[in-house]
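Reading through the structure tokens given below for one structure.
Only the coordinates and a few stated rules stand behind these numbers; no lab work does. Computed from a predicted structure; not experimentally measured. Cβ placement follows ideal geometry from the backbone for every residue including glycine, while neighbour counts extend to all protein chains displayed.
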């Protein structure tokens, strides 16, 4: 490597470091209590903009992103607050759906639960907390609905009808990123008219990041409150997915010990009808405690290829979650718990044989 090349690389590194320090200062200036995760995301948004539009544009984006995050967080329960949430107006239960591992299928499971309730004439609020470009529910409604006033001019909630009984509420922003703290507090997703029987929340692939500090952003949906919160964690029937799910539950365990959140007490296995041979034996102790009541949502090739569309999810998938909804008294009728546990134990023994 020539001396000239070394000098160029050193100069570029120095410019990048200077840019990073400048953007960090701008982000922190918006609010002294802005969480580190939001500062980092705001700086990254600024760096991306700087690369394409120049330093001045990057600084504007960093400042706008941090200011939005600060404004949104001031309108919810403080991140360090141990106050319980008031879930009145969200139906008989709030069901956050977490992804235990990458690509587990949390968005599909959220849609399946919503469609199953809708098929029984239950009115459902389906909440999507993901960044719009990474949303698994981006095409879940045939047409875009109106935008509601958000907690900040750069952060909005769009409500669209998935069907006659399902209202899809998705977070939107015109900024390059949606930082954890920019996800509006739950009350901004609440319908402006009509009653809701249940609320399903797609937390999805953000579960790992959310678990580092679940009392802010999308994690606000995990707060203990009344009516009860019933979190679900979704995994695949593979050893790597079980391992990742164990790690998510481990992160959440610390916060559960404070009494501030309700931990996932239900495991949903996507893309399988039962455990493959030997797979359940690889579960850690936290996942193992959920195996007997696990619900299996079978593989559907059309859904695998197309994801969630504006069409109802296949009947076989909806049928698979009916026992769970019945167990939670969200619909009438379900198999006795003792029968379900016996069936689950038989399935596990057969897979380990």
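Which order do the peptides 259-269, 102-112 take when ranked by the mean count of other beta-carbon atoms within 10 Å per residue, highest first?
Top of the packing list down: 102-112, 259-269.
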Legend entry - Point-to-point label distance, residue 258-residue 273, nm (Cα→Cβ direction, 7 Å offset): 4.5 nm
Inset, instruction - Provide the gained length on full extension for the span residue 187 to residue 52, in nm with one decimal, where the gain is 0.36 nm per separating residue minus the Cα-Cα distance. - result: 45.0 nm
Legend entry - Nearest 10 degrees, 0 to 90: helix 315-327 Cα axis against the chain principal axis: 80 degrees
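Once Rh for region 62-204 is found with the Kirkwood sum over Cα pairs, what is the Stokes-Einstein diffusion coefficient at 4 °C and 1.567 mPa s, in µm²/s?
This corresponds to a translational diffusion coefficient of 83 µm²/s.
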Inset, instruction - Indicate, rounded to the nearest 5 percent, the antiparallel portion of the DSSP beta bridges found entirely in the chain. - result: 30 percent
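So what is the orientation-averaged projected area of the chain, using the convex hull of its C-alpha atoms, in nm²?
That works out to 20.7 nm².
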Legend entry - Efficiency of FRET between residue 265 and residue 316 - r from beta-carbon atoms, R0 35 angstrom, step 0.05: 0.90
Inset, instruction - At 7 Å along the Cα-to-beta-carbon direction for both residue 148 and residue 134, put a label point, then send me their distance in nm to one decimal. - result: 2.4 nm
Inset, instruction - Figure the gain on full extension for residue 332 and residue 92 (residue separation times 0.36 nm, minus the Cα-Cα span) and round it to one decimal in nm. - result: 85.0 nm
Inset, instruction - May I ask for the angle, rounded to the nearest 10°, between helix 55-73 and the longest principal axis of the chain, with both axes built from Cα atoms and the value confined to 0 to 90°? - result: 40 degrees
Legend entry - P(r) histogram, all alpha-carbon pairs of region 173-223 included - 10 Å bins from 0, percent: 22, 50, 25, 4
Inset, instruction - Run the numbers on region 87-352 and let me know its relative contact order in percent, using alpha-carbon pairs under 8 Å that are six or more apart. - result: 24 percent
Legend entry - Degrees separating the helix 337-352 axis from the principal Cα axis of the chain, which is the longest one: 70 degrees
Inset, instruction - Provide the FRET efficiency to the nearest 0.05 for the residue 174-residue 299 pair, computing r from the beta carbons and using R0 = 30 Å. - result: 0.20
Inset, instruction - Please give the length that would be gained between residue 75 and residue 33 if that part of the chain were fully extended, namely 0.36 nm times their separation in residues minus their C-alpha to C-alpha distance (nm, one decimal). - result: 13.7 nm
